[in-house]
Amino acid sequence: MHVKAVVTGGAGFIGSHLSDYLVARGHRIVVLDDLSTGSETNLKQLRDNSSFELVKGSILDKGLVDDLISDCDTVFHLAAAVGVHTIVDRPLQSLRTNLHGTENVVEAAAAHGARVMVASTSEVYGKNDADGLTEDSDRILGSALKSRWSYAAAKGLDELVAYVYGQETGLPTVITRFFNIVGPRQTGRYGMVVPRFVSQALAGEPITVYGDGAQRRCFGSVFDVVPAVVQLMETPAAYNQAVNLGGLEEISIRGLAERVIELTGSTSTIEYVPYDEAYGEGYEDMRRRMPDTTLAGKLIDYRPSRRLDDIITSIIAHGQPAVPVASPAPSP
Ligand code: UDP
């Protein structure tokens with residue numbers, strides 16, 4: 001099937017890999033990206049491909065969003081303000097983009113009868129550190145007055161917008177909850193830990209572990225997740241559901257720092273940075289975040305296969321530009 005797809009946020013990390021994958025499978029795509037955190041470099045391999053077009057613009061531009069979506073069958077909506085540093089530094093702008101931008105995209109998809117995938121995040125589970133979060137696990141967010149939770153709150157509402165549109169209008173929607181997805185092209189500039197550690201290790205700088213480093217994450221590969229996203233959109237049983245997508249191996253952040261040092265052969269040391277210094281006063285981190293991907297397994301036979309060491313090695317091979325040291329954010 002050669003469909004025309006719109007990929008919002010297609011110049012970003014996951015979006016650019018998704019764009020590569022779609023074009024390679026014979027889809028014609030239009031990427032809508034404001035290049036705020038994404039970059040044209042991520043799409044340079046597609047520049048001369050006649051199945052690809054890049055439109056530089058914002059998802060807050062309702063007319064533009066409607067115009068692009070009027071002419072497509074499928075929308076992959078990945079554009080968002082992302083990264084903990086972005087969210088705590090510019091909470092209002094992040095909220096606007098993540099709330100109104102998604103509303104514009106879903107509204108246009110419903111108006112024009114396009115299927116829509118809305119990218120969500122494991123952040124919606126908040127502080128729930130259950131052993132294997134399932135799609136109906138409770139969300140446990142902190143105080144409504146802490147801007148740190150604005151990303152989780154906005155993404156939770158984005159999910160509801162997609163879900164309710166799906167229920168009321170029959171719009172085929174899929175909500176994908178990404179759990180710490182990593183890989184080449186991800187930048188550490190906005191907070192993401194793996195590219196930050198790789199960049200620091202390659203430069204021989206101290207690896208900045210926030211807090212005590214005992215917090216745990218399960219990192220998933222972008223190369224496992226991208227085909228899954230496309231498959232979900234082609235699977236009617238997945239419509240109007242939220243689906244976890246992530247990896248298999250859980251590791252502490254201190255353990256991650258040690259793996260990165262070993263795999264790069266770096267002389268870097270580990271420096272423990274208090275959360276307040278890293279993110280601003282009152283920051284609350286998740287102690288643990290582990291996905292249960294049984295639903296994706298049932299729907300599309302999702303079986304993530306990349307090992308953490310291989311993922312880290314592919315990121316090292318890609319190289320990492322230096323990341324700025326985290327600047328304390330204003331108090332929430
Ligand atoms: N982190 C860290 N050092 C850094 C960046 C992040 O120790 O330079 C920690 C962060 O506090 C969190 C984990 O690494 O506990 C994952 O952070 P990331 O922003 O990648 O994703 P999150 O899971 O917070 O969404």
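Each reported figure results from applying straightforward, stated rules to the coordinates on display, with no laboratory input. Keep in mind that this is a model prediction, so the values were computed, not measured. We place every Cβ from the backbone using ideal geometry, glycine too, and count neighbours over all the protein chains shown.
One table, with the values for the structure above:
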{"item": "Structure-based [θ]222 nm, the chain - -39500 (n - 2.57) summed over DSSP H runs of at least 4, per residue, nearest 500", "result": "-10500 deg cm²/dmol"}
{"item": "Pairwise FRET efficiency - residue 41 versus residue 267, Cβ, R0 = 25 Å, nearest 0.05", "result": "0.30"}
{"item": "Cα gyration tensor shape of segment 174-332, rounded if a/c is under 1.5, else prolate or oblate by comparing a/b with b/c", "result": "prolate"}
{"item": "Pairwise label distance in nanometres, residue 67 with residue 111, each label 7 Å out on the Cα-Cβ vector", "result": "1.3 nm"}
{"item": "Full-extension gain in nm, residue 239 to residue 55, via 0.36 nm per residue minus C-alpha separation", "result": "63.5 nm"}
{"item": "Alpha carbon centroid spacing (whole Å) that separates segment 160-229 from segment 23-98", "result": "17 Å"}
{"item": "Segment 57-202: relative contact order in percent, alpha carbon pairs under 8 Å with at least 6 residues between", "result": "27 percent"}
{"item": "Residue-span extension gain [residue 287 to residue 92] - 0.36 nm each, minus C-alpha spacing", "result": "67.6 nm"}
{"item": "Loop-exposed trypsin sites (Lys or Arg not before Pro) per DSSP, neighbour cap 13 Cβ within 10 angstrom, longest uninterrupted part of the chain", "result": "48-286"}
{"item": "Rounded to 5, percent antiparallel among DSSP beta bridges of the chain", "result": "5 percent"}
{"item": "All-pairs Cα distance distribution in the chain, expressed in whole percent, bin size 20 Å", "result": "33, 60, 7"}
{"item": "Charge dipole of segment 269-309 about the Cα centre (unit charges at C-beta), most positive-ward option of 283, 296, 270", "result": "296"}
{"item": "Sequence-distant residues sharing a close amide H with residue 120 (under 5 Å, placed H)", "result": "176, 177, 178"}
{"item": "DSSP loop GluC sites (Glu not before Pro) with at most 16 other Cβ within 10 Å excluded, longest remaining stretch of the chain", "result": "1-233"}
{"item": "Size-normalised alpha-carbon gyration radius of segment 1-152, reference 2.2 N^0.38 Å", "result": "1.09"}
{"item": "Label-point separation in nm, residue 24 to residue 276, each point 7 Å along Cα→Cβ", "result": "4.8 nm"}
{"item": "Virtual spin-label span in nm between residue 309 and residue 212, 7 Å along Cα→Cβ", "result": "2.9 nm"}
